[in-house]
Amino acid sequence: QVHLVEFGGGLVQSGCSLRLSCAASGRPFSDLAMVWFRQASGKEREFVAGISWSGGNTKYAESVKGRFTISRDNAKNTVFLQMNSLKPEDTAVYYCAADQRWPSTIVDGRASYWGQGTQVTVSS
């Protein structure tokens with residue numbers, strides 16, 4: 001079993017930055033591919049960004065390319081999502097998820113393990 005806890009959400013103004021963190025425990029972190037999803041109120045959950053086990057491969061949703069960066073620190077069992085130039089439409093609950101499989105399963109939202117989520121609110 002993998003336990004995931006997200007940190008770093010909050011309320012910011014449009015154009016500002018936030019950095020989300022997700023700490024993992026329960027399995028060797030380097031065995032896990034990691035992703036961030038988000039779900040806005042009344043909308044479907046959507047893929048944001050993903051990173052492979054070693055960090056050598058990343059994927060991004062078109063809506064966040066050039067603004068968001070996913071990274072990981074395997075020594076600290078943590079994955080990060082640096083979010084710059086935030087927009088009101090980025091407002092959502094952000095979830096990190098983990099799976100041993102990469103990329104299709106995890107990017108498609110079928111990850112085995114999910115965190116509880118952290119709220120990000122961007123005001124205009």
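The values are calculated or read from the model by the stated rules, or taken from the named source; none is laboratory data. Since the structure is predicted, the reported quantities are computational estimates derived from the model, not experimental observations. Cβ coordinates were reconstructed from backbone atoms using ideal geometry, including for glycine residues, and neighbour counts include every protein chain displayed. Protein only, heavy atoms only, side chains kept; ligands, DNA and RNA dropped before computing areas. Shrake-Rupley method; radii C 1.70, N 1.55, O 1.52, S 1.80 Å.
Assigned to a loop (DSSP other than H, G, I, E, B), crowded, with 16+ Cβ neighbours inside 10 Å and in contact with a strand residue (DSSP E or B) (Cβ under 8 Å, 6 or more places away or on another chain): is that true of Val35 in this structure? For Val35, the condition - assigned to a loop (DSSP other than H, G, I, E, B), crowded, with 16+ Cβ neighbours inside 10 Å and in contact with a strand residue (DSSP E or B) (Cβ under 8 Å, 6 or more places away or on another chain) - is not met.
Each row is one residue, and each column tells you yes or no for (1) open to solvent by 60 Å² or more (accessible area, probe 1.4 Å); (2) at positive phi; (3) modelled with pLDDT of 95 or more.
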residue: Asp73; (1), (2), (3): no, no, yes
residue: Lys76; (1), (2), (3): yes, no, yes
residue: Leu81; (1), (2), (3): no, no, yes
residue: Glu89; (1), (2), (3): yes, no, yes
residue: Cys96; (1), (2), (3): no, no, yes
residue: Ile106; (1), (2), (3): no, no, no
residue: Gly115; (1), (2), (3): no, no, yes
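Can you spot a residue in region 50-61 that is touching a strand residue (DSSP E or B) at 6+ places or on another chain (Cβ under 8 Å), surrounded by 16 or more Cβ atoms within 10 Å (Cβ to Cβ) and touching a residue at least 60 places away in the same chain (Cβ under 8 Å)? There is no residue in region 50-61 that is touching a strand residue (DSSP E or B) at 6+ places or on another chain (Cβ under 8 Å), surrounded by 16 or more Cβ atoms within 10 Å (Cβ to Cβ) and touching a residue at least 60 places away in the same chain (Cβ under 8 Å). Within region 18-28, the set of residues being touching a strand residue (DSSP E or B) at 6+ places or on another chain (Cβ under 7 Å) and either modelled with pLDDT under 95 or open to solvent by 60 Å² or more (accessible area, probe 1.4 Å) (or both) comprises Arg19, Gly26. So which residues in region 1-16 are surrounded by 12 or more Cβ atoms within 10 Å (Cβ to Cβ) and in a loop (DSSP other than H, G, I, E, B), if there are any at all? Within region 1-16, Val2, Gly8, Gly9, Ser14, Cys16 meet the criteria.
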